[in-house]
1. For the stretch A:400-508, which fully contained helices (runs of 4 or more DSSP H) count at least 3 residues that are within 14 Å of another protein chain (Cβ to nearest Cβ)?
2. Which condition number does A:K566 fail, the rest of (1) part of a helix (DSSP H, G or I); (2) free of Cβ contacts under 8 Å to residues at least 24 places away in the same chain; (3) buried (at least 16 other Cβ atoms within 10 Å of the Cβ); (4) of a type outside the set (A, V, I, L, M, F, W, C) being met?
3. Going by the structure shown, is B:G45 closer than 18 Å to A:V685 by Cα, more than 16 Å from ligand 2 (Cβ to nearest atom) and either in contact with a helix residue (DSSP H, G or I) (Cβ under 8 Å, 6 or more places away or on another chain) or within 8 Å of chain A (Cβ to nearest Cβ) (or both)?
4. What residue, of B:L131, B:L109, B:L99, is open to solvent by less than 10 Å² (accessible area, probe 1.4 Å), at the interface with chain A (Cβ under 8 Å from one of its Cβ atoms), under 21 Å from A:I657 (Cα atoms) and part of a helix (DSSP H, G or I)?
5. Going through the stretch A:141-196 one residue at a time, which ones are surrounded by 13 or more Cβ atoms within 10 Å (Cβ to Cβ) and on the phi > 0 side of the Ramachandran plot?
6. Hey, B:V52 hits all of (1) open to solvent by 10 Å² or more (accessible area, probe 1.4 Å); (2) away from ligand 2 (no atom under 16 Å from the Cβ); (3) under 28 Å from B:D142 (Cβ atoms) but one; which does it fall short on?
7. Out of the stretch B:134-149, which residues are touching a residue at least 12 places away in the same chain (Cβ under 8 Å), open to solvent by less than 10 Å² (accessible area, probe 1.4 Å) and more than 11 Å from ligand 2 (Cβ to nearest atom)?
8. Looking at the stretch A:260-298, which of its residues are within 16 Å of ligand 1 (Cβ to nearest atom), open to solvent by 30 Å² or more (accessible area, probe 1.4 Å) and in a loop (DSSP other than H, G, I, E, B)?
Amino acid sequence: MPLDHPQDLTIKDFKIVGQRPLRPDGIDKVTGRARFGADMNAPGMLVGRVLRSPHAHARIKSIDSAKAEALPGVKAVVTGADFGAVKDGLDDGMLDVLVNCMAQDKALYDGHAVAAVAAISQTVARQALKLIEVDYEVLPHVLDVDAAMQPDAPVLHEEAADESVPAGFSKNVVRRYEFGHGDVAKGFAEADRIVERRFKTEAAHQGYIEPHACLAAMGPDGQAELWVCTQGHYMVRNTCAALLGMDASQLRVTASEIGGGFGGKTTVFIEPLALALSRKAGRPVKMTMSREEVFRATGPTSSSSIDVKIGMTREGRITAASGELRYQGGAFPGSPVEFGAMSAFAAYDVENVKTVGWDVVANRPKQAAYRAPGAPMAAYAVESVIDELCKQFDLDPLSVRLKNAAVEGTTSSFGVTYGKIGLSATLEAARAHPHYSAALGPNQGRGLACGFWFNFGGETCVSLNVNADGTVGLSVGTPDIGGSRASMCQMAAEELGIAYDKVRTVVADTASLGYNDVTDGSRVTFASGLATIQAARDAIRKLCGRAARMWGIDEDAVIWEEGYAKPAGGNAGSFEPLSLAEIAAVSARTGGPIAGHTEVNADGAGQSFATHLVDSEVDPETGKVKILRYTVFQDAGKAIHPSYVEGQFQGGAVQGIGWALNEEYIYGEDGRLQNPGFLDYRVPVASDLPMIDTVIVEVPNPGHPYGVRGVGETSIVPPLAAIANSVSAAAAVRMTHLPMSPPRIRKAIEEAAGR
Amino acid sequence: MSQIHVSTKINGDATEYLCEPEETLLDVLRDRLGMTGSKEGCGTGDCGACSVTLDGRLVCACLVLGAEAQDREVGTVEGIAEGDSLHPLQKKFLEHAALQCGVCTPGFLVAAKSLLERNSDPSEEEVRYWLAGNLCRCTGYDKIVRAVLDTAKEMRSA
Ligand code: FES
Ligand code: FES
């Protein structure tokens, strides 16, 4: 998208951008007033609950809900049959969403929804679930990605694979992807040494603290309202409208405050069920998931099995690299293996490179996006092998990465040629940091790793209203998951030349503003920010027009500078500059309300890179790891609100620490999830961690007027690798299976000693 | 099943309600009294999003029965500010950007306040261990710990 005002990187004297003002939604959030998904009620509201399959794989022979329906206080029951009418009209992707929300002929994982009830209270709803009789024929199941690829593995879907999969594979292998360039055989022949290894990572959940929640109300006229915690309320509207056979215009979705998402709230689970129940019962229905339901039926990311082979010269030049990535994405096609295969070697300038990705289904919940989906596990495998080669050649791991780093003009392993990027700058920043040369004690190790993420722009729509009192109302359509309203206020105020607190940003509902893509791909500060700046410039054009009218001169003879309309030079005449407030105050007499708008499909998001540095200590007796020191170096392009940029760096790093050391989905032989709670699925707590130091590197993104790059996702790409390299150094054994829980570390140490 | 009548004090106000015998204090606060500041992240005592005080002691409201509040004093996030003047912790959380999504924030504030009432000069390690029962998935805790330490410092010099 060509910007009508090309980026002016000479603007270095930002007044508001780059400052750390208090967030506009802050007071509500520290006083308990902010309303999240579960905090909304409606008169006559019913409570909805879901009955879930206790089996990992089972044919549903019949469902008898007569007893539940007869229970006093039960107002509606829905099952797969209630969605029968719309099923045929859905495309494959939408059909999978439906079948994931409500099983049709088979239950595909432990926790798969098979029926839902609406009742006058939680107690009655729970009783009703017990009265629903489901006749299951239990089928054999498969959970592990490598096992699911075996030709004799139990099959989930007869026809989910597409033409990309060669003949002879299990039907659970549903897609094959390939990327790369050059001649890897030739490249490996040029190497002084080649290391090839297999790695495994387990499924981790996004772990947002707020469980999914919504409140649906549909009237007999078919008009519906939905209040929901989501990363994308337009996505919710379009999906629910399709699954319920309604017009999108009849469904107004309002995004609540959202208590974390990290990608996990970019799809629907209970929302279509709440609407279906409300339609049947004729009353509003509120649904909230329990934490157990969140673990069993939403989220996690893929588990993976990855082979990586890298050839290097003794000077540290990578001559060839190849990878084979196998991700299970749960019971439906769509694991992020494509992103994994694209991103695996994206940080490096490699002449001969090839990756193959296999998308595999297994009897687990349908994976949902998790922060840089697919990239962290690929980076773990690649950065571990690079680390090993550095050790074998006794080369400095930072220098080797710098030598091979992708720079402007590098053709990436996935085909794109990079513009201005900041990987080398993050490596240089790491080298200059005292952390890099600090001393280590016994049983301690230092790990370094780089990470890459694509970043995304996407469809965005923004409205900026100039009020008669000189304040500004900004409507965006991207839910605020980490302080983005503050950044939007900053960018609007910067452009308009007014004070930060004169701008109020709200997340508009789906009826009030045009379509916006989901808050994902680290896109909000980039795309909604770009749209905000353009909407402000649109408003400025109009403000200049009004000033021209007030002065009785030509519109072209007015310019906007530092928050004032001014005559453009002596020929335009001599008038006192007019502020936004002065022009707005008389807008009724100069043509009516003043507003700026942007509708854009933004590209130019600008790739993002990071380098992470971590020190850990391993207790050789217990296998326990302590993270001693952690520093994140990441390119933000331009940090609009540095505190929230640091927060993204820190949050991503700590989620990575959890994934690397503790977090995993543990299943029993019966295919049931054994740790669906925060007690047994242990995310990092404050006492597990040191401070997380951050260094914001700013290599401006030419695709954004202020140089912004998204920062939300890249921060989870390097941690698995950096921590694995650190722990491998501390334990003196290469760790090839995540999470590096104490038993796995003990086993690796014992095996190494036994050799 | 008959409901239980409870007389209690919430944030200093005398309050009465009816609740089911199995209903938690968290459900009473949220669903019966409209005090939705306390959040349910797990319902099993593992996340701290529902942290409140009961006679000054820090508890998980999801692990306390509504009926147990009889003749006790309950403190919630809604009671931390005095009128429109924020508690120093609330101010410091905002200044330090110690919240991203903010769903964990009520629990952290209640827990941190309870720490500072017992220990006006906690070390970083003491803060980290005291807050270990409160999960935050967004921030990595760094800014939360800093906000609490900074509040303690400011309150000591006040
Ligand atoms: S909701 Fe009470 S501890 Fe999680
Ligand atoms: S700020 Fe989101 S969980 Fe703490």
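1. Output list reads A:484-496.
2. The one condition A:K566 does not meet is (1).
3. Yes: the conditions hold for B:G45.
4. Result of the check over B:L131, B:L109, B:L99: B:L131.
5. A:G180, A:G182 - these are the residues of the stretch A:141-196 that are surrounded by 13 or more Cβ atoms within 10 Å (Cβ to Cβ) and on the phi > 0 side of the Ramachandran plot.
6. Single failed check for B:V52: (1).
7. Across the stretch B:134-149, the qualifying residues are B:V145, B:A147, B:V148.
8. Selection gives A:S290 alone.
The values are calculated or read from the model by the stated rules, or taken from the named source; none is laboratory data. None of the values given here were measured: they were computed from a predicted structure. Note that we place each Cβ from the backbone using ideal geometry, even for glycine, and neighbour counts take in every protein chain shown. Accessible surface is based on the protein model in full, side chains and every heavy atom, while ligands, DNA and RNA are left aside. Shrake-Rupley method; radii C 1.70, N 1.55, O 1.52, S 1.80 Å.
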